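Read the figures in this text as sums done on the coordinates, not as results from a lab. The model shown is predicted, which means the values in this text are computed figures rather than measured ones. Cβ coordinates were reconstructed from backbone atoms using ideal geometry, including for glycine residues, and neighbour counts include every protein chain displayed.
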């Protein structure tokens with residue numbers, strides 16, 4: 001017996017076109033890879049996920065939801081589709097919860113982006129995660145360790161830590177992550 005019910009994902013109006021894709025290609029790809037049907041409700045700025053058939057699982061529905069949420073946050077569809085890999089996760093930091101006012105929000109976003117995008121680029125390069133900075137949020141996609149490191153770096157910047165301190169943290173974490181993965185590889189060669 002298949003999954004019943006549906007999931008509703010709110011999507012900003014300007015991101016609905018990305019979900020649909022050129023001639024509906026992205027929408028069809030989500031439907032095919034996740035075995036779901038999508039209904040784009042442009043009047044309410046949301047996408048409804050429904051089971052395609054009796055073989056649709058809860059996992060299929062959740063994968064489609066994650067992909068849609070990633071695109072809604074501002075990720076491109078290629079990065080969003082990386083969420084089909086069970087080792088890849090999506091995290092979200094709500095900057096509206098930490099900013100006291102609009103000026104504070106602008107300052108925090110500026111710190112995360114950095115001069116000419118340097119801070120964001122360093123976080124992505126040294127953690128291996130992908131970041132998107134939106135109006136009031138930061139989205140992070142990567143494996144568990146990559147997301148943990150990137151999230152911690154973003155939180156350090158939000159709390160006012162110096163960029164150099166954050167970059168040093170990122171370098172140490174990257175080195176430690178490589179060391180642990182190498183140890184695992186040596187212990188459990190494939």
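Points to keep in mind about this one:
- Think of it as helices only: each DSSP H run of n ≥ 4 in the chain is worth -39500 (n - 2.57), and spread over all residues that comes to -16000 deg cm²/dmol at 222 nm.
- Helix 118-127 and the long axis of the chain differ in direction by around 80°, with both axes built from C-alpha atoms.
- Shape call, region 88-187: gyration tensor on alpha carbons, a/c limit 1.5: prolate
- Using the Cβ-Cβ distance between residue 118 and residue 85 with R0 set to 30 Å, the FRET efficiency works out to roughly 0.55.
- Tensor-based shape of region 7-75 (alpha-carbon gyration tensor, a/c under 1.5 rounded, otherwise prolate or oblate): prolate
- Where the Cα pairs of the chain fall when distances are cut into 10 Å bins, in %: 9, 31, 30, 21, 8, 0
- The chain: angle of helix 144-158 to the longest principal axis, Cα-based, in degrees nearest 10: 60 degrees
- Whole-number percent relative contact order across region 7-75, with pairs defined as alpha carbons under 8 Å at least 6 apart: 40 percent
- Extension reserve of the residue 161-residue 101 stretch, reckoned as 0.36 nm per residue once the Cα distance is removed: 19.6 nm
- Mean-position separation - Cα centroids, region 137-190 and region 14-84, in angstrom: 29 Å
- Degrees separating the helix 25-34 axis from the principal Cα axis of the chain, which is the longest one: 90 degrees
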